[in-house]
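Worksheet for the structure shown next.
The values are calculated or read from the model by the stated rules, or taken from the named source; none is laboratory data. These numbers were taken from a predicted model, which means no experiment stands behind them. Glycine gets a Cβ as well: all are built from the backbone with ideal geometry, and neighbour counts include every protein chain shown.
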Amino acid sequence: MAANKAMLSLQIKGNFLIKFEIGAGQCRLLHPADESLRPLREKALPPMELLRRLLHYGINLIPSDLDAAEISTKKRDGSMLWDCGALLKTKELEARICSGVSILAPSFTICHSHLNATLGPKDATCKVVQTTDYQSAALSPDDPTFRTLLFRQAPTESDLDYCCLAPPTLESAAHSTTNELGGRMLDKDGIDLTPPTVGLETRYFPLTAVKEVCDEAAIARCEESLPSFTDAVKTMLEAMRLFSFCAPTLPADADDSPEEGGEEGAAAEGSEAPPAEGGGDAEAAVEGGEAPAAPAADAAEAAPAPAAEGEAAAS
């Protein structure tokens, strides 16, 4: 893809793949290839207009807080394993991470981090890697070159808002919490894995945080991208709420069947079939630069809204 263009992919549960081309102020549906969706593939539209038109085809990619209450996963013994409603990110953090990802989209591939779904409302993560070949296919989210990017909203007055590349040890975090000591990220045994805040005072902006894993040309490409392009990426991510509606990696004893009135889990990046009236848990990926920026998600077929985890690549 050319500069100031990206591809966003959503993988919805049931191998339902949805792909969008994002450009300067407008977006176009790329997949699925159903004949009925041809008008949305042939003409680029403003981001929200495109997502609203998809509603007429039974594809709801615009979830609300009320939808989150219907999305959860229980163990087969009935105990709660994951509750989307309890782990929704704050509106301030959602806005900040969507803005940060849109800034990185011109030069980076961005994908879902398994940590994101289990961390609390004031912590969010995604994986990033510099895009070096803008004509190649997006990297697999399991590629070892990805680094985890952590966005944190200060949980207490003594904490800092920051964005930083997380140390590898953070990959084993199981949840986050807030106490009198501030916000903590812990593993399943309660060991504190929270990155130290010393030296992070200047790490508020994503471009500063990623400088150690990219070259100057990548930073320049991000800084020189059209505002209408980064705004379009941001609008798509904010509307789909991919960092709040995201499914965790489920253990073998999880019962992922939908509850009555609820929806199946879905990934928010890429899908091969539209969910009827709603979404589900999702995954997303974004690539930047001349390659596609694309979040991937899995979504439920008949639920109020999508829960998503994803990957993305920058174009």
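Observations, loosely collected:
- When the stretch 17-43 is filtered for residues that are of a type in the set (A, V, I, L, M), closer than 24 Å to Asn4 by Cα and surrounded by 17 or more Cβ atoms within 10 Å (Cβ to Cβ), the ones remaining, listed by number, are Leu17, Ile18, Ile22, Leu29, Leu30, Leu40.
- Some residue of the stretch 100-123 being under 13 Å from Cys163 (Cα atoms) and assigned to a strand (DSSP E or B): yes
- Count of the stretch 124-134 residues which are in a loop (DSSP other than H, G, I, E, B) and either in contact with a helix residue (DSSP H, G or I) (Cβ under 6 Å, 6 or more places away or on another chain) or of a type outside the set (D, E, K, R) (or both): 3
- Scanning the stretch 93-141 for residues that are free of Cβ contacts under 8 Å to residues at least 40 places away in the same chain and over 26 Å from Arg184 (Cα atoms), we see that the one that is surrounded by the most Cβ atoms within 10 Å (Cβ to Cβ) is Thr132.
- Residue among Met7, Met80 that alone is at pLDDT below 85 and of a type outside the set (Asp, Glu): Met80
- Filter result (of a type in the set (Gly, Ala, Ser) and in contact with an Asp or Glu (Cβ under 8 Å, 6 or more places away or on another chain)) within the stretch 114-123: Ala117
- Looking across the stretch 44-72 at every residue that is β-branched (Val, Ile, Thr) and over 21 Å from Thr230 (Cα atoms), the one that is surrounded by the fewest Cβ atoms within 10 Å (Cβ to Cβ) is identified as Ile59.
- Flag not set for Ile110, criterion: of a type in the set (A, V, I, L, M, F, W, C) and under 22 Å from Asp67 (Cβ atoms).
- If you go through the stretch 2-33 and keep only what is in contact (Cβ under 8 Å) with a residue 12 or more places away in the chain, at negative phi and assigned to a loop (DSSP other than H, G, I, E, B), you end up with Ala2, Ala3, Lys5, Lys13, Gly23, Ala24, Gln26, Pro32.
- Residues satisfying the stated conditions in the stretch 47-63, i.e. touching a residue at least 60 places away in the same chain (Cβ under 8 Å) and under 21 Å from the mean Cα position of the chain (by Cα): Pro47, Met48, Leu51, Leu54, Ile59, Asn60, Leu61, Ile62, Pro63
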